[in-house]
Amino acid sequence: MFSIVLLVFLCHLFFFSIDARPSSHHHSMKKIHSLVGESSSQDSCLGRYIYIHDLPMRFNQDLLTNCQVLTRSIDKTSMCEYVQNSGFGPQIISSEASDLWNSNWFWTNQFMLEVIFHDRMKKYECLTNDSLVASAIFVPYYAGLDLRRYLWGFNTSMRDSSGLDLINWLKQKPQWKTMWGKDHFLVSSRIARDFRRKSNRKSDWGSNFRFLPESKNLSMLTIESGPWKNDIAVPYPTSFHPSSDDQVLQWQNLMRTQNRPYLFSFAGASRTRQKNSTRKEIIRHCQSSNKLCKLLDCNSVGHECDDPLKLMNLFRSSIFCLQPPGDSLTRRSTFDSILAGCIPVFFHPGSAYTQYLWYLPKNYSNYSVFISANDLKLGKVRIEEKLVTVSKDEVASMREEVIRLIPRIIYGDRRSGLESVEDDAFDLAIEGVLKRVDRLRGSDL
């Protein structure tokens, strides 16, 4: 009799205390289940709840509202163009393209990753308004976009101010004191090095955000990590944002049937200011390859490298795609080539192998070819000779592995709230963050 009365009392508490928003329902149910002794297996979000900090708008939304401040005078397109469609940018509509292109492809700028990720987080199925049941806490700070305003022509105090303000805001919150920020994570659309300026000289690049003592406890998902253990590399956003698994399968099957007349290709610009540039050697090899290689020169008039259709047409016509370092070790082009079923060729292990550990196979020879940049510069290896030696069976196996990677490196479109892509780059990032925080939590015990 007592147990029945208790159950009725608990149910009464549940219905009068539950938050009206859907994201609160699951964690409220969790509390009731634990009280009445029901199995926790009924709560599919157990261990996956995430709490989102409600930051002042100056750390995110204001940057989009005042998007004109993000555009530099040398930019080919206003950054305001890329803000639309939740950071995907303008939808691609082409009379030359198939329906598959027109419905899922966008002019996506890599610096919009923070916006894309934040929008996906708002739709995450295991959000909670109670930070006490959260396994991780998301900080929706647009770190890269914020820094972009002050990278050129501003002193270090201006570049550092927002990051310092964010840390001071976070420290005042009760959620911070639970693990002193070790359960917090954020996303950056810039490389990790941009937030690790070592001096206060105006001529030095970037901000000091990641060198702030409290910031070291935060985990940062970034398009390029470094030797620091609190930065984790995630894929650059491509222009393909499918809204269902069927659309992904259609694209994968299309890439399996492509005619690839070029042995290898390269889309990029030479780095004339860099001494002993790997790119200079690559362009020379490509131009002397007797039509085995197709070059898309990004220094040329017309800026074809910014056109997703032209890039995809190049990569899906090629067996191998060359991916040398540029301004930094990594390139968005790596993910564009994977998307096109083109086997990437790397010249530095930091371009992929030591970066995207949550996304790419440990055995890199299964999906890529490595050529030493030093051997290339010293004339010890020629690109076409190296690639010609790869057998047809090996090419087929590697290409299939590359095509299988496609769902893992794209950010699906969940704006409709309908059918969606499973285990895309966002899903794998969240899975990795939850495991990482759980491990950090265990080490603190």
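The values are calculated or read from the model by the stated rules, or taken from the named source; none is laboratory data. For clarity, every value in this text was computed on a predicted model and none was experimentally measured. Every residue, glycine among them, receives a Cβ derived from its backbone with ideal geometry; neighbour counts consider all protein chains shown. Each accessible area value is taken on the protein alone, full model and side chains, heavy atoms only, with ligands, DNA and RNA left out. Shrake-Rupley method; radii C 1.70, N 1.55, O 1.52, S 1.80 Å.
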Query raised in the report: So between F211 and L164, what do we pick up on full extension, going 0.36 nm a residue minus the alpha carbon distance?
Result: 15.9 nm
Report summary line: The aspartates and glutamates whose Cα lies under 17 Å from the Cα of K386, excluding any fewer than 8 residues away in the same chain, are E281, D375, E394
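Mind checking the full-extension length gain between E422 and K362? Use 0.36 nm per residue of separation minus the Cα-Cα distance, one decimal, nm. Could you put the intermediate results ahead of the total?
On the way: separation 60, 0.36 × 60 = 21.60 nm, distance 2.18 nm.
Contour length minus the Cα-Cα distance gives 19.4 nm.
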Report summary line: Everything considered on the Cα gyration tensor (a ≥ b ≥ c; rounded for a/c under 1.5, else prolate if a/b is larger than b/c, else oblate), the chain must be described as prolate
Query raised in the report: How high is the FRET efficiency from S443 to S288, r the C-beta distance, R0 41 Å, rounded to 0.05?
Result: 0.15
Report task. Counting only DSSP beta bridges with both residues in the chain, tell me the antiparallel percent, nearest 5. Result -> 5
Report task. Note down the accessible area of C293, probe 1.4 Å, to the nearest 10 Å². Result -> 20
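Kindly work out what percent of the DSSP beta bridges joining two residues of region 245-338 are antiparallel, to the nearest 5.
Approximately 0 percent, going by the DSSP bridge assignments.
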Requested in this report: Enumerate the aspartates and glutamates that K202 could reach by cross-link, defined here as Cα to Cα under 12 Å, with residues fewer than 8 away along the same chain left out.
Outcome: D160
Query - Cβ charges +1 (Lys, Arg) and -1 (Asp, Glu), total dipole of the chain, debye - result: 1820
Report summary line: Dividing the helical contributions, -39500 (n - 2.57) per DSSP H run of n ≥ 4, by the residues of the chain yields a 222 nm value, nearest 500 deg cm²/dmol, of -10500 deg cm²/dmol
Query raised in the report: What ranking of F154, F138 comes out by heavy-atom accessible area, probe 1.4 Å, highest first?
Result: F154, F138
Report task. Just grab the label-to-label distance for K229 and S157, each label 7 Å out from Cα along the Cβ direction, in nm (one decimal). Result -> 3.6
Query raised in the report: Of all the accessible heavy-atom surface of the chain, with the other protein chains kept in place and a 1.4 Å probe, what percent is carbon and sulfur?
Result: 52
Report summary line: For the chain, whose charge dipole is built from +1 on Lys and Arg Cβ atoms and -1 on Asp and Glu Cβ atoms, the candidate among G326, Y236, G89 with its Cα farthest towards the positive end is G326
Query raised in the report: How big is the Rg/Rh ratio for region 211-356, C-alpha atoms only, Rh by Kirkwood, two decimals?
Result: 1.01
Query raised in the report: Given a 1.4 Å probe, how much area per residue of region 107-204 is accessible, in Å²?
Result: 39
Query raised in the report: Which pairs in the list K123/K173; K198/K229; K310/K377; K171/K216 are over 20 Å apart, alpha-carbon to alpha-carbon?
Result: K123/K173; K310/K377
Query raised in the report: Is the shape of region 120-270 rounded, prolate or oblate, going by the alpha carbon gyration tensor and its root eigenvalues a ≥ b ≥ c, with a/c under 1.5 for rounded and a/b larger than b/c for prolate?
Result: oblate
**Report entry** Residues of region 289-442: accessible area per residue with a 1.4 Å probe, Å²
**Finding:** 44
Query - Solvent exposure ordering (accessible area, 1.4 Å, most first) of E401, E81 - result: E81, E401
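Go ahead and run the numbers for FRET between T71 and Q42, Cβ-Cβ distance against an R0 of 41 Å, rounding to 0.05.
0.25
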Query raised in the report: At a Förster radius of 25 Å, what calculated FRET efficiency corresponds to the Cβ-Cβ distance of K435 and K173, to the nearest 0.05?
Result: 0.55
Query - Rounded to whole Å, sorted largest first: equivalent-ellipsoid semi-axes of region 281-375, Cα gyration tensor - result: 21, 16, 13
Query - Gyration tensor (alpha-carbon) shape descriptor, region 96-202, a/c threshold 1.5 - result: oblate
Query raised in the report: Which of the aspartates and glutamates could a cross-linker bridge to K291, judged by Cα under 13 Å and excluding same-chain residues fewer than eight apart?
Result: E384
Query raised in the report: According to the Kirkwood expression over distinct Cα-Cα pairs, how big is the hydrodynamic radius of region 351-395, in Å?
Result: 12.2
**Report entry** Net dipole in debye of region 137-283 [+1 Lys, Arg Cβ; -1 Asp, Glu Cβ; about Cα centre; nearest 20]
**Finding:** 740
